[in-house]
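Student: This structure is in structure tokens; I'll ask about it shortly.
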Amino acid sequence: MIADDLRSTSKSPKERARVSGPGLRTFANIAALWRLTEVQQAHAIGAPSLVVYREWLEAAREHKDLVLEMNVLLHISAILGIYGSLRTLYGPDTEVLDWLERRNLHKQFSGRPPLELILGGEFEVQMQVRRYLAAICAGN
């Protein structure tokens, strides 16, 4: 899994190149399931602009050389982890999407839909959502 690879790899360009294309393609597939716009996608992973995001995505889809910055890969990793936990907890994508879009009264969500937090583009907030879901998966 890409997320596991990011935790265990160095930040070298070679390692980032190894996971950049597969990670971005996987993220784009998740984004399509979640019905995210390109602007939302770019913002969620910290792309500097929509134009740059489109260039990255084109390179990834065409299996061209692509070396994303570590901060972008960390955003992708957080979202892949969120997706994995949601699939474990809810199964079908329609139920996952319902959870993402529904207001959540847990204190860390402050009544906002989790997707709003994920799309805010702040890595630490994305990780809070990921840790919340991982704890539920672990039975905590």
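The values are calculated or read from the model by the stated rules, or taken from the named source; none is laboratory data. None of the values given here were measured: they were computed from a predicted structure. Cβ atoms come from the backbone with ideal geometry, glycine included; neighbour counts cover every protein chain shown. The protein model used for the area step is the full one, side chains on, heavy atoms only, and it has no ligands, DNA or RNA in it. Shrake-Rupley method; radii C 1.70, N 1.55, O 1.52, S 1.80 Å.
Student: So, counting K/R as plus one and D/E as minus one, what does the shell of residues with Cβ under 15 Å around VAL129 add up to?
Tutor: Net local charge, VAL129 excluded: +3.
Student: I would also like to ask the following. Whole-Hz Karplus ³J(HN,Hα) for region 72-82, in order, using 6.51 cos²θ - 1.76 cosθ + 1.60 and θ = phi - 60°, x for Gly and Pro?
Tutor: Each residue's phi maps through the Karplus curve to give 5, 5, 5, 4, 4, 4, 4, 5, 4, x, 4 Hz.
Student: Just to be sure I understand, if you calculate Cα Rg over 2.2 N^0.38 Å for this structure, which of (i) 1.02; (ii) 1.08; (iii) 1.27 do you get?
Tutor: Label of the calculated value: (i).
Student: OK, next. Calculate the FRET efficiency for GLU101 and ASP65 from the Cβ-Cβ distance with a Förster distance of 35 Å, rounded to the nearest 0.05.
Tutor: 0.45
Student: In whole percent, what relative contact order does region 45-140 give with Cα contacts below 8 Å and a gap of six or more residues?
Tutor: 26
Student: Would you tell me the accessible area of LYS11, worked out with a 1.4 angstrom probe on the heavy atoms of the protein chains, in Å² to the nearest 10?
Tutor: Approximately 150 Å² of LYS11 is accessible to the 1.4 Å probe.
Student: What net charge is computed for the residues neighbouring SER110, neighbours being all others with C-beta under 11 Å from the C-beta of SER110, Lys and Arg scored +1, Asp and Glu -1?
Tutor: Value of the local net charge: +2.
Student: Rolling a 1.4 angstrom probe over the protein heavy atoms, how many square angstrom per residue are accessible across the chain?
Tutor: Roughly 53 Å² per residue, with all protein chains present.
Student: Mind checking the full-extension length gain between ALA17 and THR37? Use 0.36 nm per residue of separation minus the Cα-Cα distance, one decimal, nm.
Tutor: Contour length minus Cα-Cα distance gives 4.7 nm.
Student: Which GluC sites (Glu not before Pro) in region 1-104 pass both tests, a DSSP loop state and at most 13 other beta-carbon atoms within 10 Å?
Tutor: Numbers: sites: GLU15, GLU38, GLU55, GLU58, GLU62, GLU69, GLU95, GLU101; in loops: GLU62, GLU69.
Here the sparse-neighbourhood loop sites are GLU62.
Student: I would also like to ask the following. Please get the size of the charge dipole for the chain, origin at its Cα centre, with Cβ charges of +1 on Lys and Arg and -1 on Asp and Glu, quoted in debye to the nearest 20. Can you show the working numbers first?
Tutor: Values: 17 positive and 16 negative charges, 53 e Å.
Dipole about the Cα centre, nearest 20: 260 debye.
Student: Now a separate question. Taking every eigenvalue of the Cα gyration tensor of region 67-140, multiplying by 5 and rooting it, what semi-axes result, largest first, whole Å?
Tutor: Taking √(5λ) for each Cα gyration eigenvalue gives 20, 14, 12 Å.
Student: Next up: If each DSSP helix of 4+ residues adds -39,500 (n - 2.57) and the sum is divided by the residues in the chain, what number results at 222 nm, nearest 500 deg cm²/dmol? Spell out each step's value before the answer.
Tutor: Values: 8 runs with 98 residues, N = 140.
Per the formula, -22000 deg cm²/dmol.
Student: Still on this structure, please answer the following. Using a cut-off of 11 Å between beta-carbons, work out the net charge of the residues near LYS64 (Lys and Arg +1, Asp and Glu -1, LYS64 not included).
Tutor: Surrounding charge for LYS64 is -3.
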